[in-house]
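Novice: Dumping the structure here so I can ask a few things about it.
The values are calculated or read from the model by the stated rules, or taken from the named source; none is laboratory data. Small disclaimer: the values here were computed from a predicted structure and weren't measured. With ideal geometry, Cβ positions are generated from the backbone for all residues, glycine too; neighbour counts draw on all protein chains shown. When the accessible area is computed, the model is the full protein with side chains, heavy atoms only, and any ligands, DNA or RNA have been set aside. Shrake-Rupley method; radii C 1.70, N 1.55, O 1.52, S 1.80 Å.
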Amino acid sequence: MQAIELLLKDEAATIQLGEDLALALKAGDCLALSGDLGAGKSTLARAFLRAMADDDQLEVPSPTFTLVQSYDLRIPVSHFDLYRLADVSELDELGLDEALSDGICLVEWPENALAALPKTRLTATFSHIGDGRRVVISGDAVALARIERSLAIRSFLSDRGHGQARRRHLSGDASARAYERIVVNGRAAMILMDSARHKPGPILQDGKYYQQLAHLAEDVIPFVAIASDIREKGFCAPRVYENDLGAGILLIENLGSEGILDPDGQPVPQRYLESVRVLAHLHAQPVTRDIPLSDTLIHHIPGFDRTAMKIETSLLIDWYLPWKRGEKASNAERTEYFTVWDTLIDLLAASEKKLLLRDFHSPNIIWRDERSGFDRVGIIDFQDAMIGPTAYDVASITQDARVTITPDLCEQMLSLYCSERHALGIFNEATFRRDWHLMSAQRNCKLVGIWVRLMQRDGKPFYMKHMPRTFSYLETALRHEALAPLRDWCIKAGIL
């Protein structure tokens with residue numbers, strides 16, 4: 001990737017660039033700030049640190065005499081000033097390599113130690129242009145691509161009249177999506193969803209890669225469509241204020257920050273029960289399979305078909321089993337495993353199928369205490385929605401993957417769901433409860449594999465803390481007599 005050249009007309013533009021870079025850099029990045037005295041290096045570094053801290057008053061002393069100043073922020077940042085560096089060897093004592101192992105390094109006057117800086121570093125070279133500054137950012141192509149993306153988001157905001165908006169990191173998740181809090185003077189904070197189109201993975205089956213087989217959203221179009229559908233049905237999903245569907249950038253309503261867990265991270269029963277009530281009423285609504293976004297753009301909600309169910313359950317045998325057992329499954333084990341799942345999926349042929357949100361659990365439910373009715377329960381992260389067995393979403397929340405749900409609370413939620421559905425029309429509770437066990441097994445077979453994959457492939461070991469809980473949920477699912485073939489396979493494979 002070629003260097004990025006920017007013209008900054010004043011100090012405010014330099015500060016804004018620092019904020020934009022704070023959304024782009026990651027642990028391991030080294031940004032060398034090069035240029036004459038007064039060119040803007042310290043201004044950018046200060047803006048970067050304050051944005052990373054989300055604190056406009058953060059004290060940022062010059063490290064000219066200390067040589068390095070460290071900050072324990074969302075990502076640790078070390079601010080180096082090498083102007084007074086006597087010898088390159090001093091960098092070892094200052095801990096540059098150690099700082100880069102889990103953080104970001106900003107380095108002013110890098111010319112005094114170029115040989116000791118990482119070869120994959122970024123360099124921002126400042127020069128005076130009239131009353132403004134010219135900045136050329138060069139270096140590592142992967143990091144430059146992240147900066148280009150951040151600058152594209154700034155352009156998106158500017159083109160829609162929000163050029164002076166303050167951008168702050170909000171969250172990321174197990175996917176490639178990221179979220180920002182956008183503050184514009186005179187209006188409530190908004191959320192920016194950064195979700196570039198998914199890059200295809202290896203072909204696995206029928207000329208398709210995993211995301212296609214599992215019907216995972218590959219762009220932001222499904223989010224916009226499903227949000228509209230949920231709202232039209234009388235439930236709470238974010239309004240989409242602005243969008244660039246091609247770039248994968250959305251500016252959406254901020255539903256709030258309160259969740260359905262208490263400050264100690266434990267379930268609040270009332271909030272879980274109200275969420276289940278919303279789910280029961282959503283499932284009683286007619287299905288909208290095709291959602292028009294314009295005269296020429298229609299989103300078709302895919303079905304949770306056999307292929308999608310089986311490709312998800314393959315995560316147990318492809319990732320969890322080798323990790324658990326220390327060896328891969330044999331061909332015979334694989335054949336028997338998927339034969340079992342074919343038999344289980346056949347049971348769902350006549351089951352009720354409605355809008356399936358896919359991840360209806362604590363990270364994706366906003367509690368709005370000041371609201372009333374269904375508007376108290378805000379629903380987010382539904383871009384992977386499908387048409388499938390209603391029991392799946394009920395299993396998602398009654399066996400929340402991120403927090404332990406006691407058997408008593410689980411049964412309270414199941415009983416409430418069933419009573420609400422009976423009151424709303426014809427409802428086969430016996431079939432639903434069987435399907436709950438089946439969908440619980442399907443979901444948890446997927447999750448135990450995902451946790452291992454996130455650790456081994458994606459370098460995200462912290463998701464493994466959910467493994468004991470997820471496996472406990474799976475064991476509960478396998479207690480139903482209809483799941484006996486899968487339970488027997490797990491015992492024979494050494495999983496149970």
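Novice: Could you please find all residues in the stretch 448-464 being open to solvent by 10 Å² or more (accessible area, probe 1.4 Å) and of a type in the set (A, V, I, L, M)?
Specialist: Listed by number, the residues that qualify are Ile450, Met455, Met464.
Novice: Right, next: Taking strands (runs of 3 or more DSSP E) that do not extend beyond the stretch 265-382, which have at least 3 residues that are touching a residue at least 12 places away in the same chain (Cβ under 8 Å)? Can you show your working first?
Specialist: Values: elements: 290-292, 298-300, 353-356, 365-367, 377-379.
Passing ranges, in order: 353-356, 365-367, 377-379.
Yes/no per residue for (1) part of a loop (DSSP other than H, G, I, E, B); (2) farther than 18 Å from Leu21 by Cα; (3) out of contact with any Leu (no Cβ under 7 Å at 6 or more places or on another chain):
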site: Thr64; (1), (2), (3): yes, yes, yes
site: Arg74; (1), (2), (3): yes, no, yes
site: Ser78; (1), (2), (3): no, no, yes
site: Val88; (1), (2), (3): yes, yes, yes
site: Glu93; (1), (2), (3): no, yes, yes
site: Leu100; (1), (2), (3): no, no, yes
site: Asn112; (1), (2), (3): no, yes, no
site: Lys119; (1), (2), (3): yes, yes, yes
site: His128; (1), (2), (3): no, yes, yes
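Novice: Within the stretch 150-169, how many residues are part of a helix (DSSP H, G or I) and either touching a Lys or Arg at 6+ places or on another chain (Cβ under 7 Å) or of a type outside the set (Asp, Glu) (or both)? Steps first, please.
Specialist: Residues of the stretch 150-169 that are part of a helix (DSSP H, G or I), as a first pass: 150-159.
Narrowing further to those that are either touching a Lys or Arg at 6+ places or on another chain (Cβ under 7 Å) or of a type outside the set (Asp, Glu) (or both): 150-158.
Going through the stretch 150-169 one residue at a time, the tally reaches 9.
To keep it simple, each residue is scored yes or no on (1) outside any loop (DSSP other than H, G, I, E, B); (2) of a type outside the set (S, T, N, Q); (3) surrounded by fewer than 20 Cβ atoms within 10 Å (Cβ to Cβ); (4) in contact (Cβ under 8 Å) with a residue 12 or more places away in the chain.
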| residue | (1), (2), (3), (4) |
| --- | --- |
| Ala401 | no, yes, no, yes |
| Thr404 | no, no, yes, yes |
| Leu409 | yes, yes, yes, yes |
| Gln412 | yes, no, yes, yes |
| Tyr417 | yes, yes, no, yes |
| Ala423 | yes, yes, yes, no |
| Phe432 | yes, yes, no, yes |
| Gln442 | yes, no, no, yes |
| Cys445 | yes, yes, no, yes |
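Novice: Assuming Gly28 fulfils every condition listed in (1) surrounded by fewer than 24 Cβ atoms within 10 Å (Cβ to Cβ); (2) in contact with a strand residue (DSSP E or B) (Cβ under 7 Å, 6 or more places away or on another chain); (3) of a type outside the set (Ser, Thr, Tyr) apart from one, which condition is it?
Specialist: Only one criterion is unmet by Gly28, namely (2).
Novice: OK, next. Determine if the stretch 67-79 includes at least one residue that is of a type in the set (Lys, Arg), more than 20 Å from Gly139 (Cβ to Cβ) and at pLDDT 90 or above.
Specialist: Yes, the stretch 67-79 has at least one match.
Novice: Could I ask something else about it? Among the numbered criteria (1) assigned to a helix (DSSP H, G or I); (2) at pLDDT below 95, which one does Thr14 miss?
Specialist: (2)
Novice: Considering only the stretch 104-116, I want to know if a residue exists there that is at pLDDT 95 or above, of a type in the set (Gly, Ala, Ser), touching a Ser or Thr at 6+ places or on another chain (Cβ under 9 Å) and on the phi < 0 side of the Ramachandran plot.
Specialist: No, the stretch 104-116 contains no residue that is at pLDDT 95 or above, of a type in the set (Gly, Ala, Ser), touching a Ser or Thr at 6+ places or on another chain (Cβ under 9 Å) and on the phi < 0 side of the Ramachandran plot.
Novice: Let me ask something else. For residues that are on the phi > 0 side of the Ramachandran plot and either modelled with pLDDT of 95 or more or open to solvent by 10 Å² or more (accessible area, probe 1.4 Å) (or both), tally how many sit in the stretch 315-373. Reasoning before the result, please.
Specialist: If we filter the stretch 315-373 for residues that are on the phi > 0 side of the Ramachandran plot, which is where we start, we get 326, 358, 373.
Add one more test, that the residue is either modelled with pLDDT of 95 or more or open to solvent by 10 Å² or more (accessible area, probe 1.4 Å) (or both), and what stays is 326, 373.
Number of matching residues: 2.
Novice: Within the bounds of the stretch 449-464, is there any residue that is in contact (Cβ under 8 Å) with a residue 40 or more places away in the chain, in contact with a helix residue (DSSP H, G or I) (Cβ under 9 Å, 6 or more places away or on another chain), of a type in the set (Val, Ile, Thr) and in a helix (DSSP H, G or I)?
Specialist: So far as the stretch 449-464 goes, yes, one or more of its residues are in contact (Cβ under 8 Å) with a residue 40 or more places away in the chain, in contact with a helix residue (DSSP H, G or I) (Cβ under 9 Å, 6 or more places away or on another chain), of a type in the set (Val, Ile, Thr) and in a helix (DSSP H, G or I).
Novice: Scan the stretch 1-25 for residues that are open to solvent by 50 Å² or more (accessible area, probe 1.4 Å), in contact with a strand residue (DSSP E or B) (Cβ under 7 Å, 6 or more places away or on another chain) and not hydrophobic (A, V, I, L, M, F, W, C) and jot them down.
Specialist: Glu5, Lys9, Asp10, listed by residue number.
Novice: I would also like to ask the following. Taking into account only those residues within the stretch 31-62 that are part of a helix (DSSP H, G or I) and of a type in the set (A, V, I, L, M, F, W, C), which is surrounded by the fewest Cβ atoms within 10 Å (Cβ to Cβ)?
Specialist: It comes out as Ala53.
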